[in-house]
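Beneath this line is the structure, given in structure tokens, with notes to follow.
No value in this document is a laboratory result; all are computed from the given coordinates. In this text, all values refer to a predicted model and were calculated from it rather than measured experimentally. Cβ sites come from the backbone with ideal geometry, for glycine too, and all protein chains shown count toward neighbours.
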């Protein structure tokens, strides 16, 4: 009897607990309305795209939904219908915000995919798609933006032509040194003739010439040199499509203690200046003999001082290559100088300066009898 009663109590308890174990069931409502309006940028807004330029914000009205929705910005050609968009991007916040922040570099790639050439203008169309689960709705609105593409920054640049050391054979074009993104320079000589710059030696890339105002122009034209042969530094900035050309008459070897140049280096080709024999005598101070030196470039734009990366230097014996690297310096009499080897005192020095594209700018100073 007791066992029957116990069973009845357990069974009744189980029945009473059943309602509390049930889950509330609310089916997901996947209905979603399309974006009703696009708000920014203005329709037909224009953008002169720059490499590394600022971001552009695309904004639209948020949709009303009790469930989180996902937004995507779609881009297409001016005559496209978004059935095959050329680019899609989630909105900010991994797709939940009603705006998308897109870089000018990305817009440049979108424009490229749309067939807009470098340094040319064209139109892109954009709209927004909203989705909830498997249900996606394209806005009935679309807008256009007009974009002008920048030049695509190459990682290499060369100089060629009858005025150059490599001659008119493009396969022998001289490589320029990449100083920073989109900026190239070369120390070389030019003689009467013509030259141009190109980013590929096989002729498949862009070609450039420098016009009379110092601007870089894209095209097959050339720059003419009529002056006598001389050494130059040519700087090309593809970010701003500008160029700077200065002639270099000589490089002076400046000795700090004398506060004057003790020798002059002449250009011998391939970005190299040399003086095979400079007499050197250390200056006698009360504390000892001073052996510090650096260099002065005499250019058509004024004198430039070049010296060590170190404000103060030790004796060069046993030092690694970076000791001899050349960087722009101030005209301070003592700072950023090197030291001649001890054997140079009252002897001769062969001095060479190498402004070459293949490595760091540097110099050597070798003592001999």
With a ≥ b ≥ c the root eigenvalues of the C-alpha gyration tensor of segment 36-99, is it rounded (a/c under 1.5), prolate (a/b larger than b/c) or oblate?
prolate
How many Å³ per residue does the convex hull of the Cα positions in segment 38-148 occupy?
93
Using a Gaussian network model of the chain with C-alpha springs under 10 Å, which one of 141, 356, 99 is most mobile by mean-square fluctuation?
141
Relative contact order for segment 252-369: what is it in percent, counting Cα pairs under 8 Å that are at least 6 residues apart?
28
Would you mind computing, in nm to one decimal, how far apart the modelled labels at residue 181 and residue 131 are, each placed 7 Å from Cα along Cα→Cβ?
3.1
Percent of C-alpha pairs per 10 Å bin, segment 183-288, short to long
13, 34, 25, 15, 9, 4, 0
Considering the zone a paramagnetic label at residue 36 would reach in this model (a point 7 Å from Cα along the Cα-to-Cβ line), which residues of segment 124-141 have amide N under 15 Å from it?
139-141
Taking only Cα atoms, what is the 0 to 90° angle, nearest 10, from helix 104-113's long axis to the longest principal axis of the chain?
80
Given 0.36 nm per residue, what is the gain on full extension from residue 171 to residue 201 after removing their alpha carbon distance, in nm?
10.2 nm
Helix-only mean residue ellipticity at 222 nm, the chain, DSSP H runs n ≥ 4 weighted -39,500 (n - 2.57), per residue, nearest 500. What is it?
-3000 deg cm²/dmol
For residue 66 and residue 43, calculate 0.36 nm times their separation in residues minus their Cα-Cα distance, and state this gained length in nm to one decimal.
5.3 nm
One computes Rg over Rh for the chain from alpha-carbon atoms, with the Kirkwood Rh, and obtains 1.31
In segment 248-368, how does Rg compare with the Kirkwood Rh, expressed as the Rg/Rh ratio over alpha carbon atoms?
0.93
For segment 38-148, averaging the sequence separation of alpha carbon pairs under 8 Å that lie six or more residues apart and dividing by its residue count, the contact order in percent is 35
Of 122, 53, 307, which has the largest mean-square fluctuation in a 10 Å C-alpha GNM of the chain?
53
Once the piece of chain linking residue 368 and residue 314 is laid out straight, how much longer is it, given 0.36 nm per residue of separation minus the C-alpha distance between them?
17.4 nm
Tell me, what is a quarter of the convex hull surface for the C-alpha atoms of segment 143-245, in nm² with one decimal?
7.2
In whole percent, what relative contact order does the chain give with Cα contacts below 8 Å and a gap of six or more residues?
10
Can you tell me the orientation of helix 2-21 relative to the chain, as the angle in degrees between its alpha-carbon axis and the longest Cα principal axis, to the nearest 10?
60
